[in-house]
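Reviewing the structure listed below.
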Amino acid sequence: MEILMAFAIGILFMVGTYLILSRSLLRIILGTSLLTHAVHLLLLTMSRLKTGAAPLLGEKAGTYVDPLPQALILTSIVISFGVTSFFFVLAYRAYQELGTDDMEQLRGRDDE
Amino acid sequence: MSLLHFAILAPFIYAIAVPFFRKYIRGVHTGWFVLPVPALLFAYFISRVPDVQGGHKELSTVQWIPSMDLNFTAYLDGLGLMFALLITGIGALVVLYSIYYLGKDKEAIHSFYVYLLMFMGAMLGVVLSDNLIVLYGFWELTSLSSFLLIAFWNERAKSRYGAQKSMLITVFGGFAMLAGFVLLYIMTGTFSIREIIGSLDVVTGHALFLPAMLLVLLGAFTKSAQFPFHIWLPDAMEAPTPVSAYLHSATMVKAGIYLVARMTPVFAGAAEWFWLVTGVGLITLIWGSFSAVKQTDLKAILAFSTISQLGLIMSLLGMGSAAVYYGLSDESALYTKATLAAVFHLINHATFKGALFMVVGIVDHETGTRDIRRLGGLINFMPITFTFALIGSFSMAGLPPFNGFLSKEMFFTAALNVMHLEIFNVETWGILIPVTAWLASVFTFVYSMILVFKTFTGKYQPEKLDVKPHEAPLGLLLPPAVLISLVIVFGLFPNILSYRIIEPAMASILPSLLMPGDIFEVKIHFWHGWTDEIFMTIGVIALGMLLYLLLDRWSGLYGKLPQKLTLNTFYDRGLFYLDRWANRGTRSYMTGSVRDYLIYIFTFMILILGYVLFRTDSVRWYSGELAEISIYEFVLVLVMVAAALAVPFARSRVTAIILVGAVGYIVTLFFVILRAPDLALTQMIVETVSVALFLLCFYHLPKLKKEMSHMRFKLGNFLVAAGVGAIMTLIALSANDTRLFTTISDYFVEGSYELSGGKNVVNVILVDFRGFDTLLEIAVLGIASLGIFAMIKLRLERKNPAAALTSSSKPDKGSKRRKGRSA
């Protein structure tokens with residue numbers, strides 16, 4: 001399953017990067033979203049999958065899966081949510097003020 | 001912290017107060033308040049002369065960064081004391097002179113005195129520091145204050161040009177010198193000059209010996225305006241004349257001489273040192289004196305003359321280094337003469353050149369010009385100034401009975417003695433040394449005569465002058481008078497200096513030639529009988545007179561020299577192209593497009609990660625025990641990949657948003673499958689809120705256009721994206737099998753209940769073990785929400801109509817650009 005996940009993660013990274021490089025702000029935001037998912041799965045896969053029960057001591061299992069990546073991912077989910085919503089409002093305001101969401105048109109002026 | 005430290009820092013501290021004098025006591029010239037600083041410091045250093053003469057060397061250390069061997073160690077020995085006396089003595093006279101030279105109402109004199117005091121402190125720091133890094137710091141500070149003082153009249157383009165030139169050249173040399181110091185540190189493990197001299201056996205013969213020497217010399221040569229780095233000094237003459245007299249003839253340009261003298265114990269004895277210092281010095285000497293003759297600006301004559309005299313001192317230090325080779329023997333005494341001449345001429349040059357600069361300043365001040373083609377016959381108007389000029393010039397030309405004569409004779413002696421050397425291949429090239437010395441002296445004689453006689457005798461040309469010349473006020477005459485009297489006193493009674501100043505200074509330059517407790521015995525005689533030197537002097541006078549009288553006949557030769565091949569053209573061109581290429585280079589990749597910058601970042605990420613992966617041989621196929629996979633999971637992976645791949649092809653916004661949402665929900669499912677219930681819960685909530693938010697904003701955002709871009713644009717994006725995907729797959733595959741450290745997860749699992757009383761390990765980690773991380777995470781969310789709130793609510797009124805115009809014109813501009821592109 002790890003190998004399959006590795007390739008799935010690669011594809012998620014590829015699509016995320018491709019979207020970030022495009023010109024429309026909306027696509028860029030969606031790209032960062034996909035990139036975050038990819039990173040989460042990568043973190044989880046790195047610590048091996050299904051090595052034990054969920055890290056709840058009430059399960060009384062012999063082994064548990066690694067809780068550390070889960071803690072990292074939980075933090076990351078919340079932060080990425082904050083970033084995504086910030087991005088959205090930024091795009092909204094930029095479009096309202098400047099009338100475009102095309103990155104090529106949002107370039108700095110030459111004389112700066 | 002000793003009195004010596006305080007002496008170095010006093011000018012800096014006092015400089016803080018200077019602007020207040022200017023602001024609150026406008027009636028009195030600020031210079032009067034500055035004058036006590038150099039005067040008192042001079043008195044202090046005079047009081048230290050008997051100490052140093054007795055062989056006592058003061059050493060006191062203030063700890064700075066002891067772990068890196070960086071300490072502010074003040075060290076007072078003969079050499080340092082001699083320079084300190086020059087710096088403060090000439091400094092006091094220059095400040096006095098500047099009071100009458102710079103008007104208190106017209107000029108920004110507060111900045112002038114701040115820079116001047118800064119220079120004075122920095123220069124004292126250079127000559128009194130034992131630690132090389134501290135020395136370097138002060139060294140660059142002198143370059144900086146010189147830059148500020150040259151550009152004092154910064155409304156003139158030439159001042160700015162000269163300031164920039166001096167800065168670029170001296171700081172370039174300074175960097176080289178720093179590298180040399182670091183090499184010395186690598187060899188000896190210390191930055192202290194005394195300790196480096198103490199561990200000479202490590203240095204000589206070390207592979208880094210020669211590079212260190214070359215780098216240190218580069219610093220010395222640029223600072224002391226040696227060929228071919230001399231070109232900055234003539235342009236530095238745009239500074240006010242007191243500055244030229246002080247920095248660019250008496251003190252700062254001698255920092256290079258100081259460095260060579262200071263480093264002589266380390267490097268002398270090597271053939272490269274002998275030839276480089278002597279050779280570069282002699283070339284500078286002859287080129288400077290030769291170029292001085294063709295100048296028409298009085299200050300330019302003095303600038304080239306300074307260059308040539310610095311070359312003279314430099315070459316003498318080179319010749320003197322031969323003595324170190326012989327060590328404690330009778331033969332070495334033959335060559336220490338050169339070092340003696342160097343030290344003596346250093347003092348003499350400061351006196352007569354300082355006086356001459358001040359005289360030229362007076363002429364400039366009273367007639368409004370320094371052009372010798374417009375001057376002449378001033379003897380009747382300025383008899384006192386003329387006398388000073390005459391004595392100063394005769395001393396410079398090496399005529400008796402002035403001090404310049406004595407040092408010039410010694411220079412000839414040294415040059416003749418060097419021919420007896422049987423080392424360093426002197427047998428083949430040695431004859432060139434006295435010949436060059438003699439020829440340069442002839443030119444020195446010629447320009448000295450031009451300086452005084454073209455200005456003060458000849459035909460008076462009132463029609464070419466804007467003002468009627470008259471004798472200068474007493475305040476302008478006093479400082480050169482002091483220096484000129486020193487010229488005479490040192491000429492007639494040179495032994496005043498020899499015991500007190502010169503002997504201790506020589507002991508610092510050539511310590512290896514002294515037994516402990518021994519001193520150099522210096523006696524300078526006026527008359528040696530009919531020796532070779534006196535005939536050389538007579539020859540100089542005869543040929544010099546001839547050349548001066550026939551100047552009009554042969555000065556046309558200068559016009560024949562190629563004008564386009566000068567070092568100055570080389571410098572200007574170099575700077576121009578450097579600027580242009582730098583500009584082009586930067587513009588070619590700083591395009592202002594975020595996409596381009598991201599491409600650079602991603603490309604570097606791919607390259608660096610890929611390099612490290614392959615270099616450390618970490619790429620491997622997963623070989624351990626694999627987790628089993630069910631058919632449902634396989635399908636889920638496929639669906640997730642398919643949804644992700646469909647996003648770039650989505651035509652409408654809703655489709656794209658829903659596809660990304662689908663990926664998010666499948667990730668949630670994976671969290672469930674992969675035993676992460678907390679993650680699944682959180683992801684579910686966040687995903688739901690996100691999609692809601694997307695759809696909320698959706699109404700306001702523009703429709704997704706089909707990306708109208710070139711194939712190249714898309715292909716580039718695709719390649720970079722594929723690269724990132726591939727490298728991440730490799731990392732995911734390789735990471736599985738690599739474990740460099742034992743994991744701390746076991747500790748969390750074991751301690752969860754015992755230490756924190758929680759059964760959900762992930763929760764315990766977040767709120768207890770890593771509680772601060774969570775706190776900061778909440779802070780990040782808070783900042784983000786504040787930012788969002790501000791962006792939605794805040795409607796900034798545009799106060800500036802111009803700003804409104806530019807921003808409202810932006811879309812227009814954009815559409816124009818787009819049109820231009822499609823066309």
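The values are calculated or read from the model by the stated rules, or taken from the named source; none is laboratory data. On a predicted model such as this, the values are computed, not experimentally measured, just so you know. Every residue, glycine as well, gets a Cβ built from its backbone with ideal geometry; the counts of neighbours run over all protein chains shown. Areas reflect the complete protein model, heavy atoms only, side chains present, ligands, DNA and RNA absent. Shrake-Rupley method; radii C 1.70, N 1.55, O 1.52, S 1.80 Å.
Averaging over every viewing direction, what projected area does the convex hull of the Cα atoms of segment B:593-740 cover, in nm²?
Working: hull surface 46.8 nm².
So the mean shadow area of the Cα hull is 11.7 nm².
Please work out the average accessible area per residue across segment B:196-277, using the 1.4 Å probe convention, and give it in Å². Mind showing how you got there, number by number?
Values: 1760 Å² over 82 residues.
With all protein chains present, segment B:196-277 gives 21 Å² per residue.
Here the 3J(HN,Hα) profile of segment B:176-191, calculated from phi with Karplus coefficients 6.51, -1.76 and 1.60 at θ = phi - 60°, is 4, 4, 4, 4, x, 4, 5, 4, 4, 5, 4, 6, 10, x, 8, 9 Hz, Gly and Pro shown as x. Counted without the sites themselves, the longest stretch of chain A free of trypsin sites (Lys or Arg not before Pro) in a DSSP loop having at most 11 other beta carbon atoms within 10 Å is A:1-59.
Determine by what factor the alpha-carbon radius of gyration of segment B:268-555 differs from 2.2 N^0.38 Å, reporting the quotient. Walk me through the numbers on the way to the answer.
Details: Rg = 19.7 Å, N = 288, 2.2 N^0.38 = 18.9 Å.
Cα Rg divided by the expected 2.2 N^0.38 Å: 1.04.
Exactly which GluC sites (Glu not before Pro) in segment B:376-445 are in a DSSP loop and have at most 12 other Cβ atoms within 10 Å?
Numbers: sites: B:E409, B:E422, B:E427; in loops: B:E422.
Of the GluC sites (Glu not before Pro), the ones in loops of segment B:376-445 whose Cβ has at most 12 other Cβ atoms within 10 Å are B:E422.
Applying the criteria of a DSSP loop state and at most 13 other Cβ atoms within 10 Å to the trypsin sites (Lys or Arg not before Pro) of segment B:359-444 yields B:R373. Compute log10 of I(q)/I(0) for segment A:2-98 with the Debye formula, placing one identical point scatterer on every Cα and leaving out solvent, at q = 0.14 Å⁻¹, to two decimals. Once normalised to I(0) and log-transformed, intensities are -0.64. Here the accessible area of chain B is 68 percent carbon and sulfur, with a 1.4 angstrom probe and all protein chains present.
As a test of the definition: which semi-axes, in Å, follow for the protein assembly as shown when you take the square root of five times each eigenvalue of its alpha carbon gyration tensor? Largest first, please. If you can, show how the numbers build up before the last one.
Values: eigenvalues 1117, 238, 139 Å².
Ellipsoid half-lengths, sorted descending, are 75, 35, 26 Å.
For chain B, the relative contact order comes to 10 percent (Cα pairs under 8 Å, sequence separation of at least 6). The interface between chain A and chain B buries about 9200 Å² of solvent-accessible area in total (1.4 Å probe, ligands and nucleic acids excluded). Contact order, relative form, for segment A:2-98: 24 percent (alpha carbon pairs under 8 Å, 6 or more residues apart, mean separation divided by residue count).
Residues in segment B:522-612 average 74 Å² of solvent-accessible surface per residue, probe 1.4 Å, ligands and nucleic acids excluded. For a modelled paramagnetic label at B:R156, 7 Å from Cα along Cα-to-Cβ, the residues of segment B:112-149 in reach, with backbone nitrogen under 17 Å, are B:112, B:146-149. Each label was represented as a point 7 Å from its Cα along the Cα-to-Cβ direction; for A:A94 and B:E331 these points are 7.9 nm apart. Of the solvent-accessible surface of segment A:2-98, computed with a 1.4 Å probe over protein heavy atoms with every protein chain present, carbon and sulfur atoms account for 69 percent. For the listed residue pairs B:K104/B:K165; B:K294/B:K468; B:K104/B:K353; B:K254/B:K299, the alpha carbons are over 20 angstrom apart in B:K104/B:K165; B:K294/B:K468; B:K104/B:K353. For chain B, dividing the convex hull volume of the Cα atoms by the residue count gives 286 Å³ per residue. Inter-chain Cβ neighbour count for B:584-592, averaged per residue, equals 1 (cutoff 10 Å, partner chain atoms only). Fully extending the segment from B:Q461 to B:M605 would add 44.4 nm, taking 0.36 nm per residue of separation and subtracting the current Cα-Cα distance. Both radii come from the Cα set of segment B:270-366: Rg as radius of gyration, Rh as Kirkwood radius; their ratio Rg/Rh reads 1.11. Charge tally around B:W527: other residues with Cβ under 13 Å, Lys/Arg +1 each, Asp/Glu -1 each, net -1.
Which trypsin sites (Lys or Arg not before Pro) from segment B:651-686 combine a DSSP loop assignment with at most 14 other Cβ atoms within 10 Å? Numbers along the way, then the final one.
On the way: sites: B:R651, B:R653, B:R675; in loops: B:R651, B:R675.
Filter output for segment B:651-686: B:R651.
How fast does segment B:150-202 diffuse by Stokes-Einstein, in µm²/s, taking the Kirkwood radius from C-alpha pairs at 25 °C and 0.890 mPa s?
Working: Rh = 13.4 Å.
Value of D from the Cα-based Kirkwood radius: 184 µm²/s.
Just want the answer: with Cβ charges of +1 for Lys and Arg and -1 for Asp and Glu, which residue in B:I783, B:T688, A:L68 is farthest toward the dipole's positive end in the protein assembly as shown? After comparing all options, I get B:T688. In terms of accessible area, using a 1.4 Å probe and ignoring ligands and nucleic acids, B:T603, B:T385 rank largest first as B:T603, B:T385. The accessible-area loss of segment B:741-771 on complex formation, taken against its chain alone with a 1.4 Å probe, reaches 20 Å² or more at B:S745, B:V749, B:K759, B:N760, B:V761, B:V762, B:I765, B:L766. In the protein assembly as shown, what % of DSSP beta bridges are antiparallel (nearest 5)? The antiparallel proportion sits near 90 percent. From helices alone, chain B scores -23000 deg cm²/dmol at 222 nm; the rule is -39500 (n - 2.57) for each run of n ≥ 4 DSSP H residues, then divide by the residue total.
Per the Debye calculation on segment B:405-493 with a single equal scatterer at every Cα and no solvent contribution, log₁₀ I(q)/I(0) for q = 0.15 Å⁻¹ amounts to -0.84.
When shorter helices are ignored and each DSSP H run of at least 4 residues is given -39500 (n - 2.57), the per-residue value for chain A at 222 nm works out to -23000 deg cm²/dmol.
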